[in-house]
Amino acid sequence: MKYIVDFILAITLTGLSYYIGSLFFQHGLPIWQALTIGFAVVSLGALTEAFRAPIWLIVFVPFPVGMLLLYVFLQVTIPTWFLTYATTLALYTMMHIPMSYFFQFHSLIPAWKLS
């Protein structure tokens, strides 16, 4: 049960980072698109982990999917997309720090356990 709760929490936090990041530079993504990206990214990371891939691959594999989906959903120029993606990553990292340190929640960035 804990795995399912962690999975849903990871999707929600990932989607939230995409949603907030998209609000900075454009009209923003609808919440369903942000959660779709979150679901795709977290699911791909979980599948990679299920295949017992090394931790660097678990962290790396979801990046292209998140980047592509953000580009498709935003429909903006490449510089705007890149700035939005960089902001999303910064927000994602800022969410990871307290979640990992205070709550021992390591599903956002598995290789970077802060607790």
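Can you tell me the accessible area per residue over the chain, all protein chains present, probe 1.4 angstrom, in square angstrom?
Values: 6820 Å² over 115 residues.
Roughly 59 Å² per residue, with all protein chains present.
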Legend entry - Crossing angle, helix 31-50 versus the chain [Cα axis fit, 0-90 degrees, rounded to tens]: 40 degrees
Inset, instruction - Starting from the eigenvalues of the Cα gyration tensor, five times each then square-rooted, give me the equivalent ellipsoid semi-axes of the chain, largest first, whole Å. - result: 23, 15, 13
Legend entry - Rounded accessible area of MET94 (nearest 10 Å², 1.4 Å probe): 120 Å²
Inset, instruction - Using only Cα atoms, find the angle between the long axis of helix 78-103 and the longest principal axis of the chain, and express it within 0 to 90 degrees, rounded to the nearest 10. - result: 30 degrees
Inset, instruction - For the chain, calculate the relative contact order in percent as a whole number, restricting contacts to Cα pairs under 8 Å that are 6 or more residues apart. - result: 28 percent
Inset, instruction - Could you check how much of the accessible area of the chain is carbon and sulfur, as a whole percent, using a 1.4 Å probe? - result: 77 percent
Inset, instruction - Go through the range 61-74 residue by residue and turn each phi into a ³J(HN,Hα) via Karplus (6.51, -1.76, 1.60, θ = phi - 60°); whole Hz please, and just put x for glycine and proline. - result: 4, x, 4, x, 5, x, 5, 5, 5, 4, 5, 5, 6, 6
Inset, instruction - For a quick protection proxy, order the peptides 43-49, 22-28 by their average other-Cβ count within 10 Å, most packed first. - result: 43-49, 22-28
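The values are calculated or read from the model by the stated rules, or taken from the named source; none is laboratory data. Given the structure is predicted, the values throughout are model-derived calculations rather than measurements. Reconstructed Cβ throughout: ideal geometry from the backbone, glycine too, with neighbour counts over all protein chains shown. With ligands, DNA and RNA removed, areas are computed over all heavy atoms of the protein, side chains included. Shrake-Rupley method; radii C 1.70, N 1.55, O 1.52, S 1.80 Å.
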